[in-house]
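Novice: Below you'll find the structure I mean.
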Amino acid sequence: MSNESPLIQSMRTAVAAAPADVPLRLHLAELLLGEGLGEAAVAEAAVALQHAPGDAAARALMMRAMGLPAPADDKAEKAEEPPKAEEPEQPAAHRPSTGFDWAAAENEVAGAVPPRFVAPAPAAGPGATAPEAPLAADGSGDPGNAAAWEVDAPGTVTLADVGGMEEIKERLEAAFLAPMRNPELGRLYGKSLRGGLLMYGPPGCGKTFIARAVAGELGASFMSVSINDVLDMWMGNSERNMHEVFETARRQAPCVLFLDEVDALGAKRSRMQHGGMRNTVNQLLTELDGVGGANEGVFVLAATNVPWDVDIALRRPGRLDRTLLVLPPDAPAREAILRYHLRDRPIESVDLGKLVKVTEDLSGADLAHVCESASERALLDSTRTGVVRMINMKDLLGAAKEVRPSTDPWFASARNVAMFANEGGMYDELLAYLKRKRKL
Ligand SMILES: Nc1ncnc2c1ncn2[C@@H]1O[C@H](COP(=O)(O)OP(=O)(O)OP(=O)(O)O)[C@@H](O)[C@H]1O
Ligand SMILES: [Mg+2]
């Protein structure tokens, strides 16, 4: 919201104080639209419509905010455009009649417009996190340029923003956070606290999100580096720059250094691809060991979708020796994720409990997709009929039905590894899950 003008911010305060004041809210929506904030305008117009279903000005504004033609005729192709509003027009309420059939439209939403959720809505879901930003490498391949590695200042996302997943939170607390928060304990255990935690699991289930939350929890800055980028960017130079990555993190301490795709250093692939991979692995090991307390305040978290490809040397005690399985979101996590992705959309009568039930096994990314395609359905419908309508349960259920869990292929391969190559019990957690899910 920081990019909103002071006027809009004041209007927001006013609207918050008088949530049922429709003209006031429409005024806010109009301002948002004028600044090109189409989506935010849609959200406000939607609330206005909930308070005043028949309000012509609210409807007209909604249609403009959604990028729909005001009259439902000859301008079909224009309706394809995404919601936007460059040219601030005169307020909708004062516009001349456009020939839109308000009577018919009013019939459509006769009676009260239903509330957004069927049950009273508890506190907001996952914190206002921007979708995972492409951190680090920009592909420009400037060797040795530390600025290529972006570090985020301490953020506001904490474990409280991670919906559900209680087991993971407990394990993080016990295995990682408590010792880090308590330096006495750290000294007592000394060496055994060195190294980092390796998160693994199917794609799109929250590894990166959790890493960011851990940083927030520790009040540390966050640096996300994909090992694939390290290798691509600096081929032949990866050792020096692996060092550069750690140096950047050390300068920013306290800092959570998130190494994504650590499998890229996998011993199996390395022999085929890069002869020098061994050296890169060794460099990473040296950095992880950190001579003379160099890593004070640097917390290493690593992640992979293919733990069986992670170089075995990296898994030795004192290195990435602790593993954490990050599974598809459980029910409370799904609720938090759905709530988050629906937060700014014009919805009505959404039964979150039911939606949570029918979305079992979907990943966080799948859930985002469900919300996205439900909106598309409603928008398409509105375009086709010329009558604006909210996103409803039918859209969401329909969208959910079409999405296959993107984690299925992952479980198919993980199953074999867990069953036949469970060295040192590394995959016990995964086996237990597969058994519970009857996937064994
Ligand atoms: N428990 C949760 N609570 C709230 N949001 C979640 C939760 N789990 C996942 N998400 C959301 O799901 C999305 C996908 O998560 P994320 O990108 O962290 O997955 P990932 O495991 O890192 O995936 P990949 O393996 O593809 O890198 C994120 O936008 C995140 O906000
Ligand atoms: Mg990720």
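The values are calculated or read from the model by the stated rules, or taken from the named source; none is laboratory data. Please read these numbers as outputs of a predicted model, since none were measured by experiment. Please note: Cβ atoms are built from the backbone with ideal geometry, for glycine as well, and neighbour counts cover all protein chains shown. SASA here: full protein model, heavy atoms, side chains in, ligands and nucleic acids out. Shrake-Rupley method; radii C 1.70, N 1.55, O 1.52, S 1.80 Å.
Novice: Tell me, yes or no, whether the range 388-402 has at least one residue that is surrounded by 19 or more Cβ atoms within 10 Å (Cβ to Cβ), of a type in the set (D, E, K, R), over 30 Å from Leu259 (Cβ atoms) and free of Cβ contacts under 8 Å to residues at least 24 places away in the same chain.
Specialist: Within the range 388-402, one or more residues are surrounded by 19 or more Cβ atoms within 10 Å (Cβ to Cβ), of a type in the set (D, E, K, R), over 30 Å from Leu259 (Cβ atoms) and free of Cβ contacts under 8 Å to residues at least 24 places away in the same chain.
Novice: Considering the range 1-16 alone, what residues qualify as being more than 18 Å from Gln50 (Cβ to Cβ) and exposed (fewer than 11 other Cβ atoms within 10 Å of the Cβ)?
Specialist: If the condition is that a residue be more than 18 Å from Gln50 (Cβ to Cβ) and exposed (fewer than 11 other Cβ atoms within 10 Å of the Cβ), then Met1, Ser2, Asn3, Pro6, Thr13 are the ones that fit.
Novice: On to the next question. Can you confirm whether Asp229 is within 16 Å of ligand 1 (Cβ to nearest atom) and at pLDDT below 85?
Specialist: Against the criterion (within 16 Å of ligand 1 (Cβ to nearest atom) and at pLDDT below 85), Asp229 qualifies.
Novice: Out of all the residues in the range 284-303, which are part of a loop (DSSP other than H, G, I, E, B) and open to solvent by less than 20 Å² (accessible area, probe 1.4 Å)?
Specialist: Gly290
Listed here are the residues, each with its yes/no results for (1) part of a strand (DSSP E or B); (2) over 25 Å from the mean Cα position of the chain (by Cα); (3) at pLDDT 90 or above.
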position	(1), (2), (3)
Thr156	no, no, no
Ala160	no, no, no
Leu188	no, yes, no
Leu198	yes, no, yes
Gly204	no, no, yes
Phe209	no, no, yes
Arg212	no, no, yes
Ala215	no, no, yes
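Novice: Among the listed residues Leu327, Leu314, Leu362, which satisfies the condition of being buried (at least 17 other Cβ atoms within 10 Å of the Cβ) and not in a loop (DSSP other than H, G, I, E, B)?
Specialist: Leu314
Novice: I would also like to ask the following. Every residue in the range 217-226 that is under 19 Å from Phe246 (Cα atoms) and either assigned to a strand (DSSP E or B) or in contact with a Leu (Cβ under 6 Å, 6 or more places away or on another chain) (or both), please.
Specialist: Of everything in the range 217-226, those that are under 19 Å from Phe246 (Cα atoms) and either assigned to a strand (DSSP E or B) or in contact with a Leu (Cβ under 6 Å, 6 or more places away or on another chain) (or both) turn out to be Ser221, Phe222, Met223, Ser224, Val225, Ser226.
Novice: A further question on this structure: Just one of the numbered conditions (1) closer than 28 Å to Trp410 by Cα; (2) open to solvent by less than 20 Å² (accessible area, probe 1.4 Å); (3) at pLDDT 90 or above is not true of Gly164; which one?
Specialist: (3)
Novice: Let me ask something else about it. Any residue in the range 167-176 that is modelled with pLDDT under 95, open to solvent by 50 Å² or more (accessible area, probe 1.4 Å), in a helix (DSSP H, G or I) and within 12 Å of ligand 1 (Cβ to nearest atom)?
Specialist: Yes, that holds for at least one residue.
Novice: Could you give me the residue pairs with C-beta distances under 6 Å whose first residue belongs to the range 284-311 and is more than 15 Å from Ala414 (Cα to Cα), whose second residue is among the charged types (D, E, K, R) wherever it lies, and which are 6+ apart or on separate chains?
Specialist: That search, which allows pairs on different chains as well, returns Leu288/Arg319; Val298/Arg250; Ala303/Lys207; Ala303/Asp260.
Novice: Restricting to the range 48-65, give me the number of residues that are at pLDDT below 80 and open to solvent by 20 Å² or more (accessible area, probe 1.4 Å).
Specialist: Of the residues in the range 48-65, 5 are at pLDDT below 80 and open to solvent by 20 Å² or more (accessible area, probe 1.4 Å).
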